[in-house]
1. Could you pull out the pairs from 137/166; 45/165; 80/165; 142/200; 80/168; 141/165 whose alpha carbons sit more than 28 Å apart here?
2. Only sites in a loop by DSSP and with at most 10 other Cβ atoms within 10 Å count here; which GluC sites (Glu not before Pro) in the stretch 58-146 make the cut?
3. I want the local charge near residue 77. Using Cβ-Cβ distances under 10 Å, sum +1 for each Lys or Arg and -1 for each Asp or Glu among the other residues.
4. Given the Cα-Cα distance of residue 19 and residue 54 and 0.36 nm per residue of separation, how much length would full extension add, in nm?
5. Starting from the Kirkwood Rh over alpha-carbon pairs, what translational D in µm² s⁻¹ does the stretch 145-205 have by Stokes-Einstein at 4 °C and 1.567 mPa s?
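Where a number appears in this text, it was derived from the coordinates with a stated rule and is not lab data. Not measured: the values here are computed from a predicted model. Neighbour counts run over all protein chains shown; Cβ positions are idealised from the backbone, glycine included.
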Amino acid sequence: MLGQSITRNSLLLALFAVCTTALIASTYLLTKSDIAHQKRLAEEKALLEIIPRSRHDNSMLDDTILVGPETPGLELSEEKQIYIARQHGDVVAAIIPVLAPDGYTGEIELIVGVNADGTIAGVRALTHRETPGLGDKVDVKKSDWILGFAGRSLENPTPDGWAVKKDKGVFDQFTGATITPRAVVAATLRALQFAQANRKLLFEQPDPTSTGGDS
């Protein structure tokens, strides 16, 4: 009797485990497409903060260049995508991922929009763990500090001016926090230098929607 009871309980537990696994799997499959859609919308929102719809007529999420840890200057820890913005088929800007590994409390993940003329369209911090009330001012929701990069270039200021004022540069630091803005300024400069060194790759990309053909 004891053996039968153990066998019956084991079978019930096994059946319960199978049913639970099936339920979890079906729930995942049902929500997978919705999760992917929401992630895509979140990504698009971040890109549109830098390159608004009025400046491009392509889908930046579908017009990309793959970069990764081996890409010089970007300091990436994993594969990311550069997003290309076009107007009438011509590249108007590229949104470049770059990592600041030397934030006060860890890595700061940024995207830097660089216009075809070499000026910055905008910079946004995607993820960070900086101290609330101090380093978190890199987040546009906390401060407008990061908006000050718009319009800057390798000539404005010259490379020696790409530093916080404490280091004799032109960029403000935060009251009580210098490490975070210093890291973001340096990473943004590296993104600009990457864009300059890879102008052909970024700004002479063929339009993937064009069909081409013999004339």
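1. Values: 137/166 17 Å; 45/165 32 Å; 80/165 31 Å; 142/200 36 Å; 80/168 33 Å; 141/165 23 Å.
In this structure, 45/165; 80/165; 142/200; 80/168 lie more than 28 Å apart at Cα.
2. Those satisfying the criteria are 70, 78.
3. Values: positive: 80; negative: 75, 78, 79, 107, 109.
Net local charge, residue 77 excluded: -4.
4. 7.5 nm
5. 105
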